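Here the structure is laid out as structure tokens; the discussion comes afterwards.
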Amino acid sequence: MSRSDWEVVIGLEVHAQLNTASKIFSGASTAFGAAPNVQASAVDIALPGVLPVLNRGAVERAIRFGLAIGATVAPKSVFARKNYFYPDLPKGYQISQFELPVVQGGTITTRVGEGLSGENRAYEKTVQLTRAHLEEDAGKSLHEDFHGMSGIDLNRAGTPLLEIVSEPDMRSSAEAVAYARTLHALVRWIDICDGNMQEGSFRCDANVSVRRPGAPLGTRREIKNLNSFRFLQQAIDFEVQWQIATIEDGGKIQQATVLFDPDTGETRMMRSKEDAHDYRYFPDPDLLPLVIAPEWKARVQSEMPELPGAMKARFIEQWGLSAYDATTLTASKEIATFYQATVDAAGVPLAKPCANWVMGDVAARVNKAEMDISSSPVSPAQLAVLVTRITDGTISNNIGKKVFEALWNGEGGKDINAADAIIEAQGLRQTNDAGAIEAIIDEVLAANQKSVDEFRAGKDKAFNALVGQVMKASKGKANPAQVNELLKRKLEG
Amino acid sequence: MINASLTELRAALDAKRVSSVELATLFLDRIERHNPALNAFITVDRDGALAAARAADARIAAGTAAPLTGIPLAHKDVFCTEGVLTTCGSKMLSNFVSPYDAHVVALLKAAGAVSLGKTNMDEFAMGSSNENSHFGPVKNPWDTTRVPGGSSGGSAAAVAARLAPIATGTDTGGSVRQPAALTGVTGIKPTYGVVSRYGMIAYASSLDQGGAFGASAADCAVLLSAMAGFDQRDSTSLERPAEDYTRELAAPAAGDKPLTGLRIGLPREFFAEGMADDVRAALDTALDAYRQLGASTVEVSLPNAKLAIPAYYVIAPAEASSNLSRFDGVRYGHRAAEYRDLAEMYAKSRAEGFGAEVKRRILVGTYVLSHGYYDAYYLQAQKLRRLIAQDFQAAFAQCDVIAGPTSPTTAWAIGEKADDPVQMYLSDIYTIAVNLAGLPALSHPCGFGAGNLPVGLQLIGDYFAEARLLATAHQYQQATEWHLRRPG
């Protein structure tokens, strides 16, 4: 039996750390990387008698998320205690939301398989969300360097998390990764999470099962704590193969929680359903129900930035970009902001060449330098002038690349019109003077009789070689379209 | 000075007839002399008290004294006190020195009150007799073979024996009112949310409420005024303007009928079977006195009150089982000396650190919250809670305050109910419904039963009726002398 006889069913639970300055129930700082326990207040270490006080900023971020995914922002939600013992869980319970979460429903639409073709060509996928709820993070147990004992660092304890739970709507690891990437971009876009996966600010748990098409849902296993998209893909792929092999070998899948080992690329069992905790959830009597008044929601709504979905639709419908371009340019808020600013300066008629430049030379340079596009030394306004000069024929596209390099290296300074300054200083203006171009062509033809003979013998390639020679002789400044036309006329004439 | 009211102490301090240091020394010496017999204090903080008294004297000299500046008091050991042992009556916290002050402690410190020390209590405030303390039972000053009630038994006994003029307590199911009744002092539990729970070690968060003990309603009013008020660190603290609970104490112009127009509701269910004869007799006499003062009485009904105990013994243990999870031996408190692994460290530390009643309630609470039982127990209990609260609202449509017994009996012998938890639980039958509804209530002395043991009368008010309750009890105390009696 082959892989294609099975349907894969995946649901994701993502823990997004909210970027509040202080913790969800205490005033301690949430900054990453401090010495152990220096950011653990009396509330965070659960001294006798201390009480939680909800951080409004965390709630506001949850509202923003709910509005961004078209979910119901619950007018009333309830914090509950999830009870279990662990040394890095100081109270012996985690404050979370259970029966009444703050965000209910919503959808995320993503493109899967972008850049592929044929049967695997890109398609749009909409994933339903079950809920998103607020909760506090636990601390960390440190098992090294304590002379046989374990250390506890409670700096992370009480850090606000939004746990975002999807329906089991994804049918491949590619869909899961596309969803996770879109979600990751969204939480950064609406500025509720820094998205730093190395620091654990965005962690995925994947619920994976397989079934025969049309059959009821299979038994799922949950892969915990995947902190990169690559691991997410690898872990799901391994898990799917393992589940199929297990069933085809006559085995049964037992509900379990598993861990992914990036070194071996395999998942291994952490605990079975039998070992599952009874968390004894009940409403936390230390916290009142969370009431979100319509006015609060309306204010957050009024402060929302344009969302990637809306921006993408605008790029396609109003600016005439392809779905691929629009998707790429809205992949992150930084790229979208840069692109929008470029078009704002260059004008909407230049939206397409601006897109090519942002996705092409700018992206390549930024990636090579491993920097964020928002710190690009070439500003959107400078880029807009450059694109304008290419489009209006002042310089050729190839010279444009040269000017871009110069801009990137700081030539021309910060001035918006730096591109013009470079063009003038280096004499890069395109030559549109037919007489001058013809003179160059005559020189080139005279010096390259061999190529002329080859062209006349039917070798089309020779034509390109001659164009190249003419461009070279003009130091790239000859208008390439004109060169083509004039050269053709001369050779045929 | 030992028996002086707060008004008298205030006047003496302000007139420099006595200094705060002298007053503190007087009570500290009394504690030294009498505490061995009563066991009302777990910790006596002589140095801290004298330092606070010196500061209070300076403040009085500077003319900036507040009503409690220089007045000695005792804190129930459930309140965290910075730099002072805070045990909650448990072996689990027998080594815990709090690094911070509870909100109540901080308020009273700021008011210039002088804390003499920390009073004994049932472990984690679970109990009705003070026999559940790791530090041994508290003895009733009226008869040291008897219990003082609980869980704030140490505070009640300390005030009754005049080891402190006033004391703080907490009341989750009657833990201020019942020991007040059994030791012949006045004790008030305000509306839930009036006193901040920050730094008050939690037993059952939705029921716990700080309260005040004094020899009289007037003394309680002064103490409560200084303890109460909004605290942003407690999300269940009520955001209301601060109140002066003494404001209604001054007698109205009705002469010898100051309570004219007051309708006292008498719940039929409270005056049915179960109340001891001597308690009933004292209560009847007290109600006559109230009528003499101009009040009228009307029968009311609290049909669901009988369900208060079962509801309470689901909700309180459920919350407690979770609240007490933090006592795991990891960060502070008792940790077993030897263990093989993490699970054993937890098990042994908690098995050794908690007493029998605490373990019983953790087990009950864990059970009622378990998967498959939650709906049948916890949710049902929450429904009962709403019904009980509705009963009170219906009753308050007919009356201004509700009166009845605080405890079905006077103080019983130490050990008498120690092996029968259900009998022990039933001793809170009149007080528990008030906590479930979140209402204010007080207990004041109203006579003596067999063996010269004090009887308490409970007054229950509608939400935020503290000032009225205190004024009502105050009028009674102006006309009677029960609250002036002292154990021999």
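The values are calculated or read from the model by the stated rules, or taken from the named source; none is laboratory data. Nothing here was measured: the structure is a model prediction, and the numbers come from that model. No Cβ is skipped: glycine too gets one built from the backbone with ideal geometry, and neighbour counts run over all protein chains shown.
For this structure, a couple of remarks:
- Here region B:80-91 is the region considered, the condition is being touching a residue at least 40 places away in the same chain (Cβ under 8 Å) and either in a loop (DSSP other than H, G, I, E, B) or in contact with a Gly (Cβ under 6 Å, 6 or more places away or on another chain) (or both), and the residue that is nearest to the other protein chains (Cβ to nearest Cβ) is B:80.
- Taking the criterion of being loosely packed, with under 10 Cβ neighbours inside 10 Å and under 20 Å from residue A:90 (Cα atoms), the only residue of region B:337-352 that qualifies is B:341.
- Flag if residue B:324 is on the phi < 0 side of the Ramachandran plot, crowded, with 23+ Cβ neighbours inside 10 Å, within 12 Å of chain A (Cβ to nearest Cβ) and of a type in the set (A, V, I, L, M): yes
- Matching entry among A:25, A:65 (being in a loop (DSSP other than H, G, I, E, B) and crowded, with 22+ Cβ neighbours inside 10 Å): A:25
- Selection within region B:19-39 - buried (at least 18 other Cβ atoms within 10 Å of the Cβ) and free of Cβ contacts under 8 Å to residues at least 60 places away in the same chain: B:19, B:21
- Flag if residue B:259 is over 26 Å from residue B:425 (Cα atoms) and either away from chain A (no Cβ under 14 Å) or modelled with pLDDT under 95 (or both): yes
- Test: residue in region B:428-441 that is at pLDDT below 95, touching a Ser or Thr at 6+ places or on another chain (Cβ under 7 Å) and surrounded by 24 or more Cβ atoms within 10 Å (Cβ to Cβ): yes
- Counted residues, region B:300-316 - those being surrounded by 24 or more Cβ atoms within 10 Å (Cβ to Cβ) and not aliphatic (A, V, I, L, M): 1
- Of all residues in region A:37-54, exactly one satisfies the criterion of being farther than 22 Å from residue B:323 by Cβ and within 13 Å of chain B (Cβ to nearest Cβ), namely A:37.
- Yes/no for residue B:94 being among the polar types (S, T, N, Q), touching a residue at least 40 places away in the same chain (Cβ under 8 Å) and within 14 Å of another protein chain (Cβ to nearest Cβ): yes
- Residue within region B:150-164 that is out of contact with any Ser or Thr (no Cβ under 8 Å at 6 or more places or on another chain) and not in a loop (DSSP other than H, G, I, E, B) present: no
- Hits in region B:40-55 - residues which are buried (at least 22 other Cβ atoms within 10 Å of the Cβ) and outside any helix (DSSP H, G or I): B:40, B:41, B:42, B:45
- Scanning region B:367-400 for residues that are under 17 Å from residue B:204 (Cβ atoms) and small (Gly, Ala, Ser), we see that the one that is nearest to the other protein chains (Cβ to nearest Cβ) is B:381.
- Filtering region B:103-119 to residues that are within 14 Å of chain A (Cβ to nearest Cβ) and under 23 Å from residue B:59 (Cα atoms) leaves B:103, B:104, B:105, B:106.
- Any hit, region B:363-371, residues being out of contact with any Pro (no Cβ under 9 Å at 6 or more places or on another chain), surrounded by fewer than 19 Cβ atoms within 10 Å (Cβ to Cβ) and not basic (Lys, Arg): yes
- Counting only strands (runs of 3 or more DSSP E) that fall entirely inside region A:121-163 and contain at least 1 residues that are farther than 18 Å from residue A:90 by Cβ, the qualifying elements are A:123-136.
- Matching residues in region A:272-321 - criterion: being exposed (fewer than 13 other Cβ atoms within 10 Å of the Cβ), touching a residue at least 12 places away in the same chain (Cβ under 8 Å) and among the basic types (Lys, Arg): A:273
- Set A:438, A:411: member being at pLDDT below 90 and part of a loop (DSSP other than H, G, I, E, B): A:411
- Single residue of region A:314-325 satisfying the filter (in a helix (DSSP H, G or I) and at pLDDT 95 or above) that is farthest from residue A:191 (Cα to Cα): A:317
- In region B:335-366, the residues that are within 30 Å of residue B:136 (Cβ to Cβ), more than 9 Å from chain A (Cβ to nearest Cβ) and either assigned to a loop (DSSP other than H, G, I, E, B) or of a type in the set (Ser, Thr, Tyr) (or both): B:335, B:336, B:337, B:338, B:339, B:349, B:354, B:355
- One residue alone among B:199, B:274 is on the phi > 0 side of the Ramachandran plot and modelled with pLDDT under 95, and that residue is B:274.
- Contact map, region B:195-207: residues that are more than 15 Å from residue B:233 (Cβ to Cβ) and surrounded by fewer than 24 Cβ atoms within 10 Å (Cβ to Cβ) paired with residues that are of a type outside the set (Asp, Glu) and at pLDDT below 95, Cβ distance under 7 Å, separation 6+ or inter-chain. No pairs are found.
- Just one of (1) free of Cβ contacts under 8 Å to residues at least 60 places away in the same chain; (2) in contact with a helix residue (DSSP H, G or I) (Cβ under 8 Å, 6 or more places away or on another chain) fails for residue B:284. It is (2).
- The sole residue among B:273, B:239, B:269, B:243 that is more than 22 Å from the chain's Cα centre (by Cα), more than 12 Å from chain A (Cβ to nearest Cβ), of a type in the set (Asp, Glu) and assigned to a loop (DSSP other than H, G, I, E, B) is B:273.
- Among all residues of region A:230-248, there is none that is at positive phi, more than 14 Å from every other protein chain (Cβ to nearest Cβ) and either exposed (fewer than 12 other Cβ atoms within 10 Å of the Cβ) or modelled with pLDDT under 95 (or both).
- The sole residue among A:431, A:394, A:388 that is among the β-branched types (Val, Ile, Thr) and at pLDDT below 85 is A:431.
- Unmet requirement for residue A:77, which otherwise passes all of (1) crowded, with 18+ Cβ neighbours inside 10 Å; (2) closer than 21 Å to residue B:236 by Cα; (3) within 14 Å of another protein chain (Cβ to nearest Cβ): (3)
- Restricting attention to region B:276-287, the residues being out of contact with any Gly (no Cβ under 7 Å at 6 or more places or on another chain) and either among the β-branched types (Val, Ile, Thr) or over 23 Å from residue B:480 (Cα atoms) (or both) number 0.
- Hits in region A:164-176 (condition: in contact with a Leu (Cβ under 8 Å, 6 or more places away or on another chain) and either part of a loop (DSSP other than H, G, I, E, B) or surrounded by fewer than 24 Cβ atoms within 10 Å (Cβ to Cβ) (or both)): A:165, A:167, A:168, A:173
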